[in-house]
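In what follows, a single structure is set out as structure tokens and then discussed.
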Amino acid sequence: MFTGLNCLAYDEAIIAQQDRIQQEIATSIPLVSDRQDLSILKQEYAEDDIIYQQKIRDLQKKYSFIRKTRPDGNCFYRAFGFSYLESLLDDNKELRRFKAIAAKSKLDLVSQGFTEFTIEDFHNTVCDKQPSVGELLSSFNEQSVSDLPSGVSVNFELLLEFLHVIVFSLLDQEVEPMSKESDHIHIIALAQALNVCILVEYMDRGEGGTVNHHIFPEDGDPKIFLLYRPGHYDILYK
């Protein structure tokens, strides 16, 4: 049994080890990857891992590409945020609708306690500039851009702040902490707030050889496709 200083030293060693692991992840895995062939998933599991290999083959019947996100606890917001913004780049009608939602949300967000200048920055930058996919990817791969702290102030990091405070305003303080994994209630909140349909493919070790999916809302026409593996979200493309 550890006591006194020995216990403290043990705790510090565990924390240091966790920090090293996170640093290794940070240096080896981009926040948002390039679009890759879905077959790359096969390399992540042993050839004799029958369950996952079968489910990857099932996914390949419906999707062709994947864009991975860093497994750091913010992956749902990052995957949804990138995928949604990417979909707006060639859909002017949806972009106009999103701008209208953003404009309408301003007073609601301020009433929830968020500073008005941050919300103003969002409307003055994110809503006025339309980048290329490459510029969007570069923005999301800047750590200070892609994380979700309060007070971010320039360009497309404000979209993620906007997504974060929308969920916060609907769910009070449930999603405020950084690196807290998202579950159904968070997805429902974003789908409802932005009036966008999200399909999530769930790939786990359940039997059957096929991947189950959920659509939020259930009667919607999905525009955003995400892959969920226990504790993590990536982006799927047909």
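Nothing in this text is a laboratory measurement; each read-out follows from the coordinates by a stated rule. From a predicted model like this one, the values you see are computed outputs, not experimental measurements. Positions of Cβ are backbone-derived with ideal geometry, glycine not excepted, and every protein chain shown enters the neighbour counts.
Applying 0.36 nm per residue to the separation of Val133 and Ile215 and subtracting their alpha-carbon distance, the gain on full extension is 27.0 nm. List the pairs from Lys61/Lys99; Lys61/Lys104; Lys93/Lys238; Lys62/Lys93; Lys55/Lys93 whose alpha-carbon separation is above 29 Å, in the order I gave them. Distance filter (> 29 Å) returns Lys61/Lys99; Lys61/Lys104; Lys55/Lys93. On full extension, the segment bounded by Asn141 and Tyr202 gains 19.4 nm, given 0.36 nm per residue less the C-alpha separation. In this simple spin-label approximation, Asp90 and Lys238 carry label points 7 Å from Cα along the Cα→Cβ vector, and these lie 1.3 nm apart.
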